[in-house]
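Contents: one structure, followed by commentary.
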Amino acid sequence: MNRIAVVLNQSSGTGDCEAAAKTLDELFSAAGRQVRIAVASGGHELQAAARHAVEEGCGILVAGGGDGTINTVAGVAVERQIPLGVIPLGTLN
C-alpha cells in the first residue's frame, strides 16, 4: 500500500493548518491509512517538504493550499512520477 504524504501551506487561505492537519489525520486514520503531514510556509519550504516526503518513500503526494502550493508540490510529484492529490485550501478556495 502506498504511503501518503500531505504538504500543507501555512501561508494559504486562513492559515489554520493545524486544524486542517488534525482533521486530515483523523480522516486518514478512520480510513485505515497512515499519513505523514508536513506544514510549511512559502515556496522553498514547500518544495523541501515535498522532496523530503518523497525521499522517505511516500507513493502519493498531496498538496494542501492555493495555486502556488499545488504548482510547487506538483512539480515534485511529476519529477518522481507519483500520483498527486489536491486539497484546495487557498484564499479563494
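Can you pull out every residue in the stretch 16-38 that is open to solvent by 20 Å² or more (accessible area, probe 1.4 Å) and within 15 Å of G90 (Cβ to Cβ)?
As a first pass, look at the stretch 16-38 and keep what is open to solvent by 20 Å² or more (accessible area, probe 1.4 Å): 16, 18-20, 22-37.
Within the stretch 16-38, D16, A20 meet the criteria.
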Would you mention how many residues in the stretch 1-36 are at pLDDT below 85, in contact with a strand residue (DSSP E or B) (Cβ under 8 Å, 6 or more places away or on another chain) and of a type in the set (A, V, I, L, M, F, W, C)? 1
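Identify all residues within the stretch 14-32 that are more than 20 Å from A49 (Cα to Cα) and not acidic (D, E); write none if there are none.
Filtering the stretch 14-32 down to residues more than 20 Å from A49 (Cα to Cα) leaves 14, 26-27, 29-32.
Scanning the stretch 14-32 gives T14, L27, S29, A30, A31, G32.
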I'm trying to understand the selection: among the residues of the stretch 82-91, which are open to solvent by 30 Å² or more (accessible area, probe 1.4 Å) and modelled with pLDDT of 95 or more? I82, P83, L84, V86
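For the stretch 40-53, give me each residue that is among the hydrophobic types (A, V, I, L, M, F, W, C) and surrounded by fewer than 17 Cβ atoms within 10 Å (Cβ to Cβ).
First, the residues of the stretch 40-53 that are among the hydrophobic types (A, V, I, L, M, F, W, C): 40, 46, 48-50, 53.
Hit for the stretch 40-53 is A48, nothing else.
Is it the case that some residue within the stretch 65-73 is touching a Lys or Arg at 6+ places or on another chain (Cβ under 9 Å), surrounded by 16 or more Cβ atoms within 10 Å (Cβ to Cβ) and at pLDDT 95 or above?
no
The values are calculated or read from the model by the stated rules, or taken from the named source; none is laboratory data. Treat the numbers as computed from the prediction; the structure is a model and nothing was measured. So basically every Cβ, Gly included, is an ideal-geometry build from the backbone, and we count neighbours across all protein chains shown. Note: areas computed on protein heavy atoms with side chains; ligands, DNA, RNA excluded. Shrake-Rupley method; radii C 1.70, N 1.55, O 1.52, S 1.80 Å.
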